[in-house]
Structures are given as structure tokens and as C-alpha cells.
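Below you'll find the structure, written out as C-alpha cells, and then a few comments.
Read-outs: derived from the displayed coordinates by stated rules, not from any lab. Since we're looking at a predicted model, the values are computed, not measured. Cβ coordinates were reconstructed from backbone atoms using ideal geometry, including for glycine residues, and neighbour counts include every protein chain displayed.
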Ligand code: AMP
């Protein structure tokens with residue numbers, strides 16, 4: 001696996017490649033969820049390029065940025081096991097050259113305002129900016145991203161459409177621990193006590209799926225799910241049943257063909273997000 005720190009070096013190598021390029025941007029502290037993106041790119045016949053860049057512009061809380069785990073050497077070893085072809089691990093000034101304003105100013109309508117958008121102001125602008133910048137550097141044929149960050153994926157899809165970027169977005173299913181907890185770089189920060197209750201998030205999502213199948217009003221399901229989260233020891237921020245395309249709330253499961261339950265909750269001081277497709281007839 002080749003490791004690049006500079007845009008110019010990566011570009012030079014990319015220019016000499018003939019196979020399609022599959023790209024998986026990450027913030028490091030890699031786990032099986034990330035590796036699955038690489039494996040999928042390889043399965044689909046791509047040269048796999050991963051990036052590790054803890055993007056400062058998408059953190060609305062400086063403490064969260066500072067606490068973000070950084071494990072570059074271990075990450076490189078893991079990428080090797082997944083047969084990743086190249087790793088791009090740039091310093092901040094390579095991604096954001098001083099004096100250049102690369103901020104993305106797109107109107108995503110409600111996509112970046114609901115759910116995460118409400119609780120993490122500026123987060124999606126920073127995320128869209130860095131994904132657009134990395135796409136411009138790597139120019140991949142395929143972009144691999146996880147369903148785990150469902151809203152992020154919806155926004156990237158819309159950005160690709162609005163900017164008519166020549167890249168295919170591939171969604172990879174959420175990889176979970178055996179007990180159902182969605183893998184996340186943040187999980188290592190969970191206390192033993194919080195790690196023990198964390199799988200309940202997935203169980204509550206599964207419960208919501210059963211309940212929405214009975215066509216109960218979403219508001220009732222949301223309210224009950226929030227109560228369950230609080231009773232288990234979480235501090236939930238939201239639990240929403242939304243249309244999987246518009247991300248707007250649905251009144252009940254019969255209101256759409258593609259419905260997703262999304263949530264964010266603090267387990268101690270670790271903020272976890274997860275989602276589950278409740279219904280997909282499209
Ligand atoms: P991050 O490093 O958290 O920014 O994530 C980088 C990419 O990995 C994003 O496309 C995430 O959606 C994806 N990802 C993170 N966790 C998982 C997971 N448990 N399953 C699948 N994809 C994931």
C-alpha cells in the first residue's frame with residue numbers, strides 16, 4: 001500500500017493508473033465498518049484509495065475535535081489487511097491551502113437542517129466542503145460511504161447532483177458489533193457501563209421497525225423510543241422517523257415507500273448516532 005501525504009504526489013500516482021478508482025474518505029480510528037468500504041471497492045474491481053483526515057471544519061465543538069481518536073499507524077496496518085491500494089493522509093494545509101476559500105455554499109433545502117443539522121450547526125457545510133475537496137483531489141470513479149451516516153450520505157448525493165460531479169456514490173450497509181452496536185470510531189471512548197447499554201440503541205430501532213409495521217403514528221413511536229432511551233441511561237437528542245429521500249418526518253409508515261428511523265443520543269459524554277431502514281419498497 002502506498003502512503004501519500006501530499007496532493008501532488010497522490011495525483012502523480014493516480015495519473016499513471018488505468019483501473020477505476022474507488023475512494024473511501026475517513027477520519028481514521030478505523031474499524032471493520034471502514035474496512036468494508038475498501039473491501040467493497042476491491043470487490044467492484046476498483047483500485048481502493050482511502051483517506052484519513054480529521055476535518056476541522058466539520059466539528060462544531062472544539063473539544064470533540066481534540067478528543068477525536070488518532071491512530072494512524074494502526075489504521076495503516078488495518079488498511080493493508082483489507083488490500084487497500086493507497087492511503088492519503090494529508091496535513092491540514094494540503095487539504096485547505098492557506099488563502100484559498102474552498103467552502104461549499106450549496107442550498108441543500110431541508111436535508112442539512114433536520115436531525116443532525118439541528119444539533120450540529122455548520123457540521124454538514126464542513127463535511128460537504130471536505131468531501132468536495134477530496135473528490136477534486138482524488139477524482140474517483142466511485143465514492144464509497146456508509147449507511148451509518150445516513151443524513152451525510154443524503155447530502156453528499158445531493159451535492160454530487162447539484163455540482164454534476166462525475167462520480168458514482170455507493171452506499172455500504174452499516175457494520176455492527178455482534179451485539180448490534182453500530183461500529184464507530186467513538187465507541188472506544190465509551191465507559192464499561194455505557195458500552196454495556198449501547199446495544200440497546202439497535203434494539204430500540206428494531207422495536208420501532210416492528211411498531212411502524214403496525215402503522216402506529218410516528219409521533220407515538222418516537223415519543224416511546226425517546227422514553228426507552230432515557231430509561232436505559234442515554235441522553236437522546238432526537239429519534240425521528242423520516243422519508244428516506246427527503247428526510248422529512250412521516251406521520252406513519254403508510255405515508256411513504258422508503259422510511260428510515262434515525263437517532264442521536266449521548267452515552268455518557270460520547271455522542272452516538274444510528275439508523276435503521278424501517279421500510280423500503282423502492
Ligand atoms: P468516519 O471516519 O466516521 O468519518 O467514517 C468514514 C466513512 O465510514 C463514512 O462513509 C461512514 O459512513 C463509514 N462508516 C463509519 N462507520 C461505519 C459502519 N459501522 N458501517 C459502515 N460504514 C461506516
_So if I take the alpha carbon set of segment 47-135, get Rg, then get Rh from the Kirkwood formula, what is the Rg over Rh ratio?_
1.01
_Helix axis angle, 150-163 relative to the chain longest principal axis, alpha carbon, degrees_ = 50
*Rel. contact order, % - alpha carbon contacts under 8 angstrom, at least six apart, segment 107-206*: 23
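Return the equivalent ellipsoid semi-axes of segment 11-67 as a descending list in whole Å, where each equals the square root of 5 times an eigenvalue of the C-alpha gyration tensor.
Working: eigenvalues 149, 44, 10 Å².
In descending order, the three semi-axes are 27, 15, 7 Å.
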*Per 5 Å bin, what is the whole-percent P(r) computed from every C-alpha pair distance within segment 96-173?*
3, 15, 27, 26, 18, 9, 2, 0
_Separation in nanometres of the label points that stand 7 Å from Cα toward Cβ, at residue 17 and residue 216_ = 4.8
*Cα Rg, Dmax, the chain, angstrom units*: 18.9, 57
*Any idea how far the Cα center of segment 64-80 sits from the one of segment 125-152, in Å?*
19
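Take every DSSP beta bridge with both residues inside the chain and express the antiparallel ones as a percent of the total, to the nearest 5.
Antiparallel bridges: around 50 percent, rounded to the nearest 5.
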*Any idea what log10 I(q)/I(0) is at q = 0.11, 0.22 Å⁻¹ for segment 154-261, Debye with uniform C-alpha scatterers and no solvent?*
-0.45, -1.21
*Take the Cα atoms of segment 1-96, find their three principal axes, and give me the spread along each one in whole Å, biggest first.*
42, 29, 21
*Under 19 Å from the residue 188 label point (7 Å along Cα→beta-carbon), backbone N, segment 14-32*: 25-32
*Tell me, how many Å apart are the Cα centres for segment 1-51 and for segment 155-229?*
26
*By how many degrees, between 0 and 90 and to the nearest 10, does the Cα long axis of helix 72-81 differ from the longest principal axis of the chain?*
90
*Under the rule of -39500 (n - 2.57) per DSSP H run of 4 or more residues, summed and divided by the residues of the chain, what mean residue ellipticity at 222 nm is obtained, to the nearest 500 deg cm²/dmol?*
-11500 deg cm²/dmol
*Calculate how steeply helix 32-43 sits against the longest principal axis of the alpha-carbon atoms of the chain, using the helix alpha-carbon long axis, and give the answer as 0 to 90 degrees to the nearest 10.*
60
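When every alpha-carbon pair in segment 198-257 is counted, what percent end up more than 14 Å apart? Don't jump to the answer; show the numbers that get you there.
Details: 955 of 1770 pairs.
For segment 198-257, the share of Cα pairs beyond 14 Å comes to 54 percent.
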